[in-house]
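The values are calculated or read from the model by the stated rules, or taken from the named source; none is laboratory data. The structure presented is a predicted model; accordingly, all values stated were derived computationally and were not measured. Neighbour counts run over all protein chains shown; Cβ positions are idealised from the backbone, glycine included.
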Amino acid sequence: MTKKMINSVLLVIGTIAFLSINSCKQQPPTDLSKAALIPLPVSIEAGGGSFALYDQTKIYVSSESNEAFDVGIYLAGLLKPATGFGFKVLPTNAIPDNGNIFLILSGSQTQLGDEGYELVITDEIITIKAFKPAGLFYGVQTLRQLLPMEIETKSQQQISWHVATGTITDYPRYAYRGSMLDVSRHFFGVDDIKRYIDLLAAYKMNVLHLHLSDDQGWRIEIKSWPKLTTVGGSTAVGGGKGGFYTQEQYTEIVNYAKERYITIVPEIDLPGHTNAALASYAGLNCDNKKRELYTGTKVGFSTLCTRNENTYAFVDSVIRELAAITPGPFIHIGGDEPHSTEKEDYIYFINRVQDIVQLYGKQMIGWEEIVQADLKTNPVVQYWANEKYALKAIEKGAKLIMSPAWKIYLDMQYDSTSPLGLHWAGYIEVDSAYLWDPAQYVDGISDENILGVECPLWSETLLQFDDIEYMLFPRMPGYAEIGWSPAEKRNWEEYKVRLGKHSAWFEVKKINYYPSDKINWQE
Ligand code: IFG
């Protein structure tokens with residue numbers, strides 16, 4: 001064999017090796033039931049084949065509704081950076097050619113409800129069918145998780161973009177699937193809130209409750225009471241820089257959330273947790289003396305002056321201005337830990353506040369303590385610590401948001417070594433965060449009493465967005481599954497394998513997650 005012949009044989013062997021390595025790495029997925037989807041869909045039927053997006057793939061939308069078309073544009077925005085493909089979005093009344101994506105809004109799909117969808121992938125076309133645009137949006141989130149994780153990168157990747165074929169029919173268990181972020185103890189700016197919204201939307205969560213006021217900071221501009229932010233918003237826990245949202249910035253957050261089918265629920269915590277307001281205006285205090293700004297972490301020491309008419313002029317202005325910039329149906333008025341308010345004064349106050357919220361066309365939400373008042377305006381009660389209050393709420397015909405601190409308070413440490421968080425309600429590792437069901441948690445409370453679930457993240461110990469991500473991940477995806485998936489389909493042993501595969505998504509999104517040793521994280 002001449003040297004030349006040996007070289008050409010080596011070249012052929014090398015090429016075959018290269019192609020086989022690449023092809024096995026790029027083996028297109030063909031078993032849809034093996035996809036690591038979170039939240040777990042209602043039903044998955046594998047088709048056994050695979051479909052590939054390619055540079056000519058277009059997104060067709062069959063509906064006059066701009067909202068449906070906007071979901072097409074949102075999908076294109078998700079897919080373009082990593083693929084480098086054009087993904088033209090086009091209206092259509094006909095079935096598109098092969099190789100395309102087809103979004104169909106259909107008034108006949110009522111069985112899918114307001115947020116359900118049917119995702120059908122054949123080796124010719126991807127179709128997402130829904131009754132309402134939100135369903136199209138959630139079908140897109142599922143499609144996103146079926147693609148290679150590299151789809152989340154912002155730079156073009158030279159890989160093939162296959163998804164397995166099959167049919168997914170899906171819809172949520174609860175209508176209210178939320179998270180709360182406390183922006184009062186420590187303030188987080190608009191860009192942080194937008195990232196929080198993106199992370200929630202990817203797991204089909206549909207509510208962000210912003211805890212906008214507390215003892216340490218007032219975080220939303222109220223034009224008729226400017227000192228609430230110029231004074232009350234000027235600091236934070238630990239005495240650091242405070243901050244607040246102008247009404248324009250709040251509107252920017254609301255609009256960003258709306259495009260991702262997330263409702264903003266603003267909370268103004270009353271009559272307790274009000275030191276920031278009491279430090280801004282002397283007239284809100286019964287002794288007419290302004291309080292000092294507070295930068296500690298105690299709770300229960302503050303109260304508005306509940307028998308003073310000026311207090312109700314204040315509440316009226318705040319609720320009026322907030323309702324005017326809040327398109328969602330709810331205003332949360334807090335009501336928690338009124339340890340410095342006499343019980344009859346608290347009841348009197350809550351009764352008057354709920355009339356004000358109704359006056360401005362919103363439905364009131366309050367922490368569980370509000371059940372002591374007359375719930376005549378059909379408020380929603382958020383259960384967090386005392387099941388007696390939760391049972392009283394359903395006795396009074398109110399719906400519950402389930403936020404039992406022992407299971408779902410995201411500011412609880414994972415374990416005694418966690419560098420962030422508190423542990424007054426115990427430690428919450430990723431397994432115990434998943435191993436419970438809202439309809440089984442309190443005797444006497446079943447799904448008919450429950451509007452949904454919400455994972456609150458209090459920020460006494462959180463300084464930056466990395467800290468938020470550390471507490472959110474990996475527990476929040478599990479809460480999203482509790483809020484969305486059928487209870488009877490949930491199983492920790494099966495879920496933890498799916499969750500382990502999401503570390504690739506966390507990594508590519510550069511999420512600062514806690515690598516719990518309860519999970520076998522995929523490399
Ligand atoms: N309870 C207080 C919060 C916060 C929390 C921290 C509620 C409803 C303890 N109220 O939870 O302000 O301090 O875990």
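For region 214-247, how many residues meet the condition of being more than 15 Å from Pro266 (Cβ to Cβ) and not basic (Lys, Arg)?
So the count comes out to 17.
Could you list, in sequence order, the residues of region 222-242 that are surrounded by fewer than 19 Cβ atoms within 10 Å (Cβ to Cβ) and either more than 16 Å from the ligand (Cβ to nearest atom) or within 21 Å of the chain's Cα centre (by Cα) (or both)?
Lys223, Ser224, Pro226, Lys227, Thr230, Val231, Ser234, Gly239, Gly240, Lys241
Please go through (1) within 19 Å of Gly233 (Cβ to Cβ); (2) in a loop (DSSP other than H, G, I, E, B); (3) under 33 Å from the mean Cα position of the chain (by Cα) for Arg291 and return the number of the only condition it doesn't satisfy.
Just one mismatch for Arg291, condition (3).
I'd like the full set of residues that are within 30 Å of Leu422 (Cα to Cα) and touching a helix residue (DSSP H, G or I) at 6+ places or on another chain (Cβ under 8 Å), limited to region 304-332.
Residues satisfying the conditions are Leu304, Ile331.
Among the residues of region 440-455, are any touching a residue at least 40 places away in the same chain (Cβ under 8 Å), of a type in the set (A, V, I, L, M) and farther than 23 Å from Glu387 by Cβ?
So far as region 440-455 goes, no, none of its residues is touching a residue at least 40 places away in the same chain (Cβ under 8 Å), of a type in the set (A, V, I, L, M) and farther than 23 Å from Glu387 by Cβ.
Only one of (1) surrounded by fewer than 23 Cβ atoms within 10 Å (Cβ to Cβ); (2) within 16 Å of the ligand (Cβ to nearest atom); (3) not acidic (Asp, Glu) fails for Ser179. Which number is that?
(1)
Report whether or not Arg307 is part of a loop (DSSP other than H, G, I, E, B), among the basic types (Lys, Arg), surrounded by fewer than 16 Cβ atoms within 10 Å (Cβ to Cβ) and more than 16 Å from the ligand (Cβ to nearest atom). Working first, answer last.
Working: part of a loop (DSSP other than H, G, I, E, B): yes; among the basic types (Lys, Arg): yes; surrounded by fewer than 16 Cβ atoms within 10 Å (Cβ to Cβ): yes; more than 16 Å from the ligand (Cβ to nearest atom): yes.
When the stated conditions are applied, Arg307 passes them.
Checking the conditions here, which among Lys58, Lys132, Lys88 is modelled with pLDDT of 95 or more, among the basic types (Lys, Arg) and closer than 20 Å to Thr167 by Cα?
Answer to the selection: Lys132.
Go through region 97-121 and count every residue that is assigned to a strand (DSSP E or B) and touching a helix residue (DSSP H, G or I) at 6+ places or on another chain (Cβ under 6 Å).
Adding up the residues that qualify gives 4.
Looking for something free of Cβ contacts under 8 Å to residues at least 40 places away in the same chain, surrounded by 24 or more Cβ atoms within 10 Å (Cβ to Cβ), closer than 23 Å to Phe187 by Cα and in contact with a Gly (Cβ under 8 Å, 6 or more places away or on another chain) - is there at least one such residue anywhere in region 412-424?
Yes: one or more hits.
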